[in-house]
Amino acid sequence: MSFRIDRRNFLMGSSAVLAAGAVGLRPAFADDVNLRQIFWGSKARADRTNGVNDLFIKANPATKIATEFYAWNDYWPKLATMTGGGNAPDIIQMDYRYIVEYANRQAIAPLDAFVGKEIDLHDFDQDQIDGGKVGGKLFGISLGANSVASIVNTAAFKEAGVAVPDNNSTYDDLAAAGEAFKKANIRGGMKAFQDGSGVEPLLENWLRQQGKALYTADGKLGFDADDMVKWFKLWKDLRDAGAVVSPDDQALDTGPLDQTMVVLGKAAVTFANSNQLVAFQALMKDPATIAAFPRMAKGSKGGHYRKPSMFWSVANASKLQSDSAKYLSFFINDIGANKVLGVERGIPAAAAVRQAIAPGLSAQDQVALNFVSNLGDLLGPIPPPPPSNAGEIDIDLLLKKSQEIAFGQQSPEDGGPDFVKQANDILARKG
Amino acid sequence: MTVSPLDAGVPAATATAEPSLWLKFWRRNGAGYGFLLPWLIGFFGLTIGPALISLYLSFTDFNLLQAPSWVGDANYLRIFTADPKFLQALRVTFFFVVFSVPLKLAFALAVAMLLNRGLKGLPIYRAIFYLPSLLGASVAIAVLWRQLFSGDGLINRLLAMIGITGPSWISNPRYALSTLVLLSIWQFGSPMIIFLAGLRQIPRDVYEAAAIDGAGRGRQFWSITLPLLTPVVFFNAIIQTIDAFKSFTPAFIISSGTGNPINSTLFYTLYLYQEAFGFFRMGYAAALAWILLIIIAVFTGISFLTSRYWVHYDD
């Protein structure tokens, strides 16, 4: 059996466990393998994961898997607290942004010893293997490739009589679409785009098209104050022209998908990730599709990259590392399991799996698969993982600086240098 | 120097009778302490113990994953000399305390006086007015508030009916904090109940005497109700001030823990939470927590020191 914990049935479950303990029941036997698993994501992801767990248990009857899942924002405090308390689950969903930190602090285990034995990577994409390496050792098994992508409300574009953005759209096209939406005035003044000035992946994409980066390999800023002035200016002009949503509306977006501009119906485009098309569509009434982030000009390229959307890692403190490794291998290689998973976590990295599941995918999953497989000249090399403290620059500093400028408290000319100074302060901070 | 027999006797007595003194103490109080034991364990294990550990952590770098490392006063130094967000959090919190506490108390008192006029069905009204406080700190109310005050929420639709285009209250840095003050005032139930109890303590005959002397309603309020109610006002003010300093849930829900827009709702506790669980600087967060403790202690201390000049305890 597998048993699942979410916040709703946690109380019920824990009182049942207490009751079982009270009457002296022994729910586990000595030869059982009791794996614990933790991940972030939506209900849709949990259902798919639990489907895979049921298949794994059918193949390994002595195994039990206890699963917990949380929203992204709640996940990291929870995981850090568990890890700090010496109580980390065996199987941990890990993100590109955190893997270096967890690996360097020896919270997750190197998996190299299991490769070729418990873990089968024989037809796994090399870039996805490399993405899970820290200091030359494998700390995470990629659960699928994804890329940043614009989530596009196609119905709104048709209503406004504007061509739906595609992989060749430029920032000039964005401004033109904004103008056309303004004229069309559909759905009580819906705008073409969200305000992207506070979206870090969009900034990164824009920098990469100029051959720059967010962070260098040694963890310094890969851009300067002038770049930031240009960036904030670009969005100020779009804002002033009414091409993107108002600052008041944009500030409603505090992170969760249900507060994004495209879900709230304030704009026809939100900047997100390719694998999130599934989750966005679940929240939207209109049909959605994905397109690349805008190009700076026709033919400018290399902004996108295929990144491991997330990993499975194994806790360093786990006593069941080899059993966990078996589970990981099943998760990435079993055809039946991947038919359940689809592309919700990204495009599977094992070639045989990709071929086997492609025909059975829904039309929208096909869109996501094709998008990531056919980025063409948009594709560039994968950047090094961001340094520690970079998370604060992303979710706090960039967002707030973009708001200060949007609400007119600071000019782009002052905001650019200010941003770079504060970002350097954050990177230099140890504690 | 003359030694009184009592003084002389004590050392000798304790020297020989110490075991029996302990025994006496134990016989007299043992059962009491036995019954207190669960609370004592909780107090030392769950309150004092963790508090002392957090005091230690406030002098360290601690990220939960690795053992804490001692950094001396570096955290405190940074807070007081190089942390603009600390100042912003103080500004937000003081604004909130200064506006929400007096307004909430005034509102609670006004409703309590209204209910004290002997109208029928008082328990029902009392329950209805108390309801928001019961739900007050809950997530559901903050989510509801978010819906009411967003750009196309209920409030703006009502305003639109009379021709006013309202801003998006919760996502505009100019109004976001005031909206939270309003939310706090709306939860006036618990001070109201206490005021109501206080009003009932004031003897009727004092009002009758005042009425015979020709005092109007206003005069009666300022010269009788308010002075006789000051102990209750004092109690409510202290409790509400401490609560306001610690306010967390509404801001956390409405901004998803970001303190947005532009840190305009960055309550002190929210900043503390961000540092601890957003950026894993537990040591720094512990230092912030101790500073908040001291701020609250100072405010409570000042209230007690000044209370003798305005609180009447003549029974």
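The values are calculated or read from the model by the stated rules, or taken from the named source; none is laboratory data. These numbers were taken from a predicted model, which means no experiment stands behind them. Heads up, the Cβs are rebuilt from the backbone with ideal geometry, glycines too, and the neighbour counts pull from every protein chain shown. Just so you know, the surface numbers come from the protein's heavy atoms only, side chains and all, with ligands and any DNA or RNA stripped out. Shrake-Rupley method; radii C 1.70, N 1.55, O 1.52, S 1.80 Å.
Restricting segment A:97-167 to trypsin sites (Lys or Arg not before Pro) that sit in a DSSP loop and have at most 12 other Cβ atoms within 10 Å of their own Cβ leaves A:Lys117. Distances between placed amide hydrogens fall under 5 Å for A:Leu138 paired with A:Leu111, A:Asp112, all partners being 5 or more residues away or on another chain. When the accessible areas of B alone and A alone are added and the area of the pair subtracted, with a 1.4 Å probe, the result is around 2700 Å², both sides summed. When you filter the trypsin sites (Lys or Arg not before Pro) in segment A:248-296 for DSSP loop state and at most 16 other Cβ atoms inside 10 Å of their Cβ, you are left with A:Lys285.
Between the helical axis of A:363-373 and the longest alpha-carbon principal axis of chain A there is an angle of about 80 degrees. Shape class of segment A:30-141 from the Cα gyration tensor (axes a ≥ b ≥ c, square roots of the eigenvalues): rounded, since a/c falls below 1.5. Based on protein heavy atoms only, segment B:21-75 ends up with 74 Å² per residue of surface accessible to a 1.4 Å probe.
The overall shape of chain B, judged from the alpha-carbon gyration tensor, is oblate: a/c is not under 1.5, and a/b is no greater than b/c.
One decimal place: the segment A:Asp218-A:Asp258 gains 10.8 nm when fully extended, by the rule 0.36 nm per residue minus the C-alpha distance.
Each residue of segment B:238-250 was assigned a 3J(HN,Hα) from its phi angle through the Karplus expression (A = 6.51, B = -1.76, C = 1.60, θ = phi - 60°), giving 4, 4, 5, 5, 4, 4, 5, 4, 8, 4, 9, 4, x Hz with x at Gly and Pro.
If the elastic network links every pair of Cα atoms under 10 Å, which of A:Asn205, A:Asn168, A:Asn73 fluctuates the most in the Gaussian network model of chain A? Comparing A:Asn205, A:Asn168, A:Asn73 in a Gaussian network model of chain A, the most mobile one is A:Asn73. Amide H contacts for A:Lys191 (H built 1.01 Å from N in the peptide plane; partners 5 or more residues away or on another chain; cut-off under 5 Å): A:Ala267, A:Ala268. The residues of segment A:93-135 occluded by other protein chains by 50 Å² or more of accessible area, set against the chain on its own, are A:Arg105; surface from heavy atoms, 1.4 Å probe. Among the chymotrypsin sites (Phe, Trp or Tyr not before Pro) in segment B:249-315, those placed in a DSSP loop whose Cβ has at most 16 other Cβ atoms within 10 Å are B:Tyr313. Taking a ≥ b ≥ c as the square roots of the eigenvalues of the alpha-carbon gyration tensor, segment A:279-431 is classed oblate because a/c is 1.5 or more while a/b is no larger than b/c.
Charge tally for A:Gly336 (other residues, Cβ to Cβ under 11 Å; Lys, Arg +1; Asp, Glu -1): 0.
Distant-in-sequence amide contacts of B:Thr60, defined by a placed amide H-H separation under 5 Å and a gap of 5 or more residues or a different chain, comprise B:Val71. Between A:Ala156, A:Ala352, A:Ala213, the Gaussian network model of chain A with springs among Cα atoms under 10 angstrom shows the greatest mean-square fluctuation at A:Ala352. Pick from A:Leu328, A:Leu143, A:Leu257: which residue has the top mean-square fluctuation in a GNM of chain A where Cα pairs under 10 Å get a spring? In this elastic network of chain A, the residue with the biggest mean-square fluctuation among A:Leu328, A:Leu143, A:Leu257 is A:Leu257. What separates the Cα centres of segment A:339-377 and segment A:280-324 is a distance of 12 Å. When the listed pairs B:Lys85/B:Lys246; A:Lys64/A:Lys339; A:Lys158/A:Lys285; A:Lys133/A:Lys301; A:Lys233/A:Lys307 are checked against a 19 Å cut-off, the alpha-carbon distance exceeds it for A:Lys64/A:Lys339; A:Lys133/A:Lys301; A:Lys233/A:Lys307.
Which net charge results for the neighbourhood of A:Leu378, defined as the other residues with beta-carbon distances under 14 angstrom from its beta-carbon, given Lys and Arg at +1 and Asp and Glu at -1? With Lys, Arg at +1 and Asp, Glu at -1, the neighbours total +3. The phi torsions of segment A:127-143, fed into the Karplus equation with coefficients 6.51, -1.76 and 1.60 and a -60° offset, translate into couplings of 5, 7, 5, 4, x, x, 9, 10, x, x, 10, 7, 10, x, 9, 4, 9 Hz, rounded to whole numbers, with Gly and Pro shown as x. Helix A:225-240 and the longest principal axis of the Cα set of chain A meet at an angle near 70°. Residue by residue along A:240-249, Cβ atoms of other protein chains within 10 Å of the local Cβ number 3 on average. Within the accessible area of segment A:241-343, the carbon and sulfur atoms contribute 55%, probe 1.4 Å, all protein chains present.
Rolling a 1.4 Å probe over the protein heavy atoms of segment B:21-75, with every protein chain left in place, gives an accessible area that is 74 percent carbon and sulfur. Note on B:Leu37 and A:Asp47: the model spin-label points, each 7 Å out from Cα along the C-beta direction, lie 5.2 nm apart.
Partner shielding of A:393-400 amounts to 3, given as the average count of beta-carbon atoms from other chains within 10 Å of each residue beta-carbon.
Expressed to the nearest 5 percent, the antiparallel share of DSSP beta bridges inside the protein assembly as shown is 55 percent.
Once you keep just the Cα pairs under 8 angstrom separated by 6 or more residues, what percentage relative contact order results for chain A? Don't skip to the answer; put the middle values down first.
Values: 752 pairs, mean separation 102.9, N = 431.
Value for chain A: 24 percent.
3J(HN,Hα) along segment A:393-406: 5, 5, 7, 10, 5, 4, 4, 6, 5, 5, 5, 4, 6, 4 Hz, from the Karplus curve 6.51 cos²θ - 1.76 cosθ + 1.60 with θ = phi - 60°, whole Hz, x for Gly and Pro.
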